[in-house]
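Accompanying notes for the structure given below.
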Amino acid sequence: MIAHVEPFHATAIGRLAYELAASGRDVIHMEYGQPSTGAPAAAIAAAHAVLDAEAGGYWESPALRERIARHYREEYGVEVSPEQVFLTCGASPAFVLALSCLFRPSARVALARPGYVAYRNAMRTLYIEPVELPCGPDERYQITAAALDALDPAPDGLIVASPANPTGTVIAPEEMAAIAQVCARKGIAVISDEIYHGLTYGDAAQSMLQYARDDGVAVLVVNSFSKWFSMAGWRLGWLVVPPALIDAARARIANLFLTPPVLAQHAGLVAFDCRPELESHLANYAHNRALLLAALPRLGLQQIAPPDGAFYIWADIGHMTNDSLSFCRRLLEDTGVATAPGIDFDPVEGNRFIRLSFAASTREIETAIERMVAWFAMERQAAANGTV
Ligand SMILES: Cc1ncc(COP(=O)(O)O)c(C=O)c1O
């Protein structure tokens with residue numbers, strides 16, 4: 001039987017948003033988790049120079065693999081050899097690569113619910129069974145060592161994301177250590193999605209590699225140029241595997257994906273040296289985050305866990321609807337503000353949630369707030385009157 005895979009519903013909202021914009025409507029994109037800014041200027045300049053100078057065949061940049069290895073030493077104090085780093089077309093294939101290196105069909109892999117839509121759906125395409133652990137505001141929507149330890153039988157694997165999508169919450173260092181201990185004790189392999197590293201509003205996020213022990217269990221790290229580096233369309237990311245899995249990863253990447261775009265690899269290497277420009281994006285997100293958090297009472301939204309990182313607010317709209325997809329569609333059609341339906345991220349309770357991305361410009365966020373305040377007031381009134 002062919003695996004059933006659910007659609008990514010936010011893409012339907014995205015399509016409608018682009019149709020409306022094409023018909024002349026003023027649309028504000030808060031549905032996709034992507035920076036509205038482009039790649040750093042120096043990275044774009046490097047790509048221009050390469051375009052004129054090189055044929056651009058299949059290629060893996062040794063310098064970029066070395067630069068990524070250096071990044072682990074400098075940012076996390078962790079030794080990673082360039083051979084452990086595999087370059088991919090973004091985090092999405094890196095995740096498939098990681099799953100296929102680690103798990104057989106029917107393996108059970110634990111993850112937090114809510115969580116990024118593709119974790120569950122990519123696992124299903126590989127006939128791996130997602131074991132979703134419901135995580136609420138009390139645990140800040142993140143998996144805990146205690147919940148993982150309580151799973152009987154223990155899962156074969158675990159996915160962690162800190163900061164997470166859709167909530168932006170971070171796992172505290174002591175909880176990371178406790179999770180790593182449970183994994184080592186029970187032989188649970190870990191895939192850590194660190195795509196939002198760099199985008200935090202307090203302490204820097206920790207890498208799961210800081211808790212990997214030589215005698216412990218496999219820890220694989222997924223990362224990408226799509227968020228911090230503001231290069232989603234360049235399709236570049238990476239996977240770090242333990243030495244024991246280098247051959248398995250090499251065989252799979254050559255057969256499944258080959259190499260990422262040459263231009264992106266050259267640009268990505270330069271992007272590592274563009275910190276001031278990237279820090280300015282973070283300052284913009286921090287400002288937008290504060291604006292939205294301050295506006296939540298005016299929107300009648302109380303149930304949120306303030307995000308420690310990424311650029312999302314995961315908001316409970318259960319007092320207005322139990323159908324997040326049609327809520328997002330109506331909000332978009334009426335106001336031009338595109339948001340992501342919670343059903344993507346939580347198949348059980350997601351119909352009472354939406355995700356607001358604040359990776360837009362501050363002017364757009366201010367306009368979106370004004371439009372949503374009036375519209376949400378009407379929705380609350382309609383829900384109170386029983387007319388929706
Ligand atoms: C948590 C998470 N992981 C992975 C991805 C996929 O990113 P990429 O563009 O690098 O494939 C996303 C994209 O939004 C994400 O939010």
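The values are calculated or read from the model by the stated rules, or taken from the named source; none is laboratory data. Predicted, not measured: the structure shown is a model, and the values here were computed from it. Note that each Cβ is placed from the backbone with ideal geometry, even for glycine, and that neighbours are counted across all protein chains shown. Only protein heavy atoms, including side chains, enter the accessible area calculation; ligands, DNA and RNA are left aside. Shrake-Rupley method; radii C 1.70, N 1.55, O 1.52, S 1.80 Å.
If you filter the stretch 189-198 down to residues that are in contact (Cβ under 8 Å) with a residue 40 or more places away in the chain, among the aliphatic types (A, V, I, L, M) and buried (at least 24 other Cβ atoms within 10 Å of the Cβ), you find that the one that is nearest to Arg289 (Cα to Cα) is Ile195.
Residue count for the stretch 1-41 under the criterion of being open to solvent by less than 50 Å² (accessible area, probe 1.4 Å), under 30 Å from Thr125 (Cα atoms) and part of a loop (DSSP other than H, G, I, E, B): the result is 5. Within the stretch 217-249, the set of residues being of a type in the set (Val, Ile, Thr) and open to solvent by less than 10 Å² (accessible area, probe 1.4 Å) comprises Val221, Val222, Val240, Val241. Filtering the stretch 52-109 to residues that are within 16 Å of the ligand (Cβ to nearest atom) and either more than 24 Å from the chain's Cα centre (by Cα) or open to solvent by less than 10 Å² (accessible area, probe 1.4 Å) (or both) leaves Leu64, Ile68, Val85, Phe86, Leu87, Thr88, Gly90, Ala94, Leu97, Ala98, Leu99, Val109. The residues on offer are Arg298, Arg289, Arg252, and the sole one that is open to solvent by 10 Å² or more (accessible area, probe 1.4 Å), in a helix (DSSP H, G or I), not assigned by TED's automatic domain parsing to the domain that holds Ala368 and not polar (S, T, N, Q) is Arg252. Tell me which residues, restricted to the stretch 206-226, are of a type outside the set (Gly, Ala, Ser), near the ligand (Cβ under 10 Å from one of its atoms) and under 19 Å from Glu74 (Cβ atoms). Of everything in the stretch 206-226, those that are of a type outside the set (Gly, Ala, Ser), near the ligand (Cβ under 10 Å from one of its atoms) and under 19 Å from Glu74 (Cβ atoms) turn out to be Asn223, Phe225.
Just one of the listed residues (Tyr127, Tyr141) is aromatic (Phe, Trp, Tyr), within 15 Å of the ligand (Cβ to nearest atom) and either open to solvent by 10 Å² or more (accessible area, probe 1.4 Å) or touching a helix residue (DSSP H, G or I) at 6+ places or on another chain (Cβ under 8 Å) (or both), namely Tyr141.
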